[in-house]
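Engineer: Before we start, here is the structure in question, set down as structure tokens.
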Amino acid sequence: MAAITAKLVKDLRDKTGAGMMDCKKALAESDGDISKAIEWLRQKGIASAEKKSGRVAAEGAIGSYIHTGSRVGVLLELNCETDFVSRGELFQGLLRDVAMQIAACPNVEYVAVDDIPKEIVENEKSIEMGRDDLSGKPEQIKAKIVEGRIGKRLKELALLEQPFIRESSITVEELVKQVAGQIGENVKIRRFTRYTLGEGIEVQEADFAAEVASMSS
């Protein structure tokens, strides 16, 4: 397999406007052949989606998903550029798929890693820095280990970073880009809420034996 150099990735990025990770994946899938990599990106709709990502997406739809048994529910806002596209089959299919993804990922709390508040990031760092397995290590080594762990942890919290439940070889972010490329408009996941039945309610367990005893005394 041909070596995927940083220069090759940059050249592909300059030609297509696709993201760095998408370019690396395209080159890996194409054995380093830049022409085939461009075709791969176009087939996936990623190149055209990237070019549209700066355009305003103020239309769209709010979708919902209730999991079997009615114990988990999701509300999701998905945006596009026109009302016409928001009513289309591709957009509505994406809306359903992403809502189901959220229902299946109880640990996901944010759309993207960049949406995670700084205080959450700093708290995660302080937890990792205090772990016993890092004691005695040089500060530089410790910082690199913590950086890697934090990066992994933050991705676990972000919806766009999750493997798509219907096709684990792509992430939710890649799925959105593919659909955006097919639709021909900018498509963005704006926000979501996940409801779990009984969440936050403190359930008091009754001591029936004690209750019966008190009634009979």
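Engineer: Using a cut-off of 15 Å between alpha-carbon atoms, which aspartates and glutamates can reach K177, once sequence neighbours fewer than 8 places away in the same chain are excluded?
Structural biologist: List returned: D22, E50, E81, D97, E161, E167, E185.
Engineer: Okay, moving on. Could I have the simple spin-label model distance between S169 and T68, label points 7 Å from Cα toward Cβ, reported in nm to one decimal?
Structural biologist: Label at S169, label at T68, 2.7 nm between them.
Engineer: Near the amide H of I170, under 5 Å away, which other amide H atoms are found, from residues 5 or more places off or on another chain, if H is placed in the peptide plane?
Structural biologist: Hits under the 5 Å cutoff: F164.
Engineer: Neighbouring Cβ atoms within 10 Å as the yardstick, rank D132, D22, D83, D97 fewest first.
Structural biologist: Details: D132 6, D22 25, D83 11, D97 19.
With the fewest neighbours first, D132, D22, D83, D97 line up as D132, D83, D97, D22.
Engineer: Reachable lysines from K142, Cα under 26 Å, same-chain residues fewer than 8 places away excluded?
Structural biologist: K118, K125, K152, K155
No lab work stands behind these numbers, since they all come straight from the coordinates. Just so it is clear, the structure is predicted and the values come from calculations on it, not from any experiment. For neighbour counting, all protein chains shown are included, and Cβ atoms are generated from backbone atoms with ideal geometry for every residue, glycine included.
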